[in-house]
Ligand code: 13P
Ligand code: SF4
């Protein structure tokens with residue numbers, strides 16, 4: 001018996017019974033992304049996940065991703081039940097930006113406009129003027145800069161530096177980093193590209209500046225997927241979480257995708273760049289979230305007062321992106 005296929009069938013039945021829809025990020029494991037597709041849910045970047053959960057009529061959202069994605073869904077749709085395969089799935093950017101310290105940082109610069117990355121807690125978003133994801137950050141900062149705003153940016157310092165460089169905006173930076181993207185190595189990537197001169201390099205801007213400098217295309221997960229479809233190259237070296245290979249290979253079956261090196265020795269491996277928290281979203285955890293009568297480990301709650309404040313900068317982003 002194919003245990004996984006049986007588990008998938010059980011989840012499909014449960015989703016229907018509970019009026020629930022599965023919303024998965026591109027970094028979850030391929031079988032989770034496939035399940036979301038097969039069941040009428042979505043596989044998306046963090047901006048599209050927020051929009052999909054907001055617009056979908058299902059009463060329950062099962063968010064397969066990391067904690068901030070579940071919190072964003074709950075903040076935007078407080079009347080829906082938001083479940084996660086595990087509430088333990090966090091993010092190093094969220095962990096590295098505690099709300100009290102971030103608030104102090106903002107309070108010290110009251111004349112600045114606060115722009116925070118979606119990879120933060122609801123409490124940090126509640127302190128922000130704008131929330132951005134990597135697919136809309138550049139446009140929003142460009143817009144704020146054109147209006148003469150000085151900006152506080154948090155928490156990802158690499159994404160922040162990339163945006164500051166592209167836009168010339170005046171940005172005070174919180175010093176957070178993603179533990180996955182921070183591991184990509186420029187020298188090894190440079191060597192790998194030299195060995196494969198026809199390959200194009202795709203880089204997520206949470207990677208170090210030296211890695212971004214080698215890129216042929218820089219962007220959010222959805223933007224990198226689009227680039228992999230649109231660029232003529234038959235090979236791509238990809239500097240982001242390996243979960244993205246599922247969609248890239250599905251959309252361009254005749255192209256070759258290889259991982260950017262995360263070690264200094266130029267070795268590539270299919271398991272190097274994978275977010276340990278995204279990896280927690282397995283089939284068993286999804287099934288548990290739907291059957292468990294005690295939802296303590298699964299149901300996302302956001303303090304209603306915080307949610308009210310966090311909703312403003314989140315909706316500002318969604319309206320800007322519309
Ligand atoms: P995207 O917004 O590009 O989906 O990225 C989310 C994320 O966590 C990247 O590490
Ligand atoms: Fe956070 Fe990095 Fe994981 Fe994305 S890949 S969820 S930024 S730790």
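Every number in this text was worked out from the coordinates using simple rules, so none of it is lab data. Bear in mind the structure is a predicted one, so any value in this text is a computation, not a measurement. Reconstructed Cβ throughout: ideal geometry from the backbone, glycine too, with neighbour counts over all protein chains shown.
Numbers below:
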item: Antiparallel content of DSSP bridges confined to the chain, in %, to 5; result: 5 percent
item: Order of 129, 234, 241 - criterion: other Cβ atoms within 10 Å of each residue's Cβ, fewest first; result: 234, 129, 241
item: Segment residue 294-residue 109, extension gain: residue separation times 0.36 nm, minus the distance between their alpha carbons; result: 62.2 nm
item: Neighbour-count ranking [beta-carbon atoms within 10 angstrom, fewest first] of 230, 142, 38; result: 230, 38, 142
item: Computed label-point distance, nm, for sites residue 16 and residue 3 using a 7 Å Cα→Cβ extension; result: 2.6 nm
item: Calculated FRET efficiency for the pair residue 284/residue 142, C-beta based, R₀ 56 Å, to 0.05; result: 0.80
item: For the chain, calculated [θ]222 nm from helices alone, where every DSSP H run of n ≥ 4 adds -39500 (n - 2.57); result: -12500 deg cm²/dmol
item: Choice from 154, 65, 243 showing the highest fluctuation, given a GNM over the chain with Cα pairs closer than 10 Å; result: 243
item: Pair residue 210, residue 198: separation of 7 Å Cα→Cβ label points (nm); result: 3.0 nm
item: FRET efficiency estimate (nearest 0.05) - Cβ-Cβ, residue 31 to residue 234, R0 25 angstrom; result: 0.40
item: The chain: most fluctuating residue of 12, 165, 242 per GNM, C-alpha cutoff 10 Å; result: 165
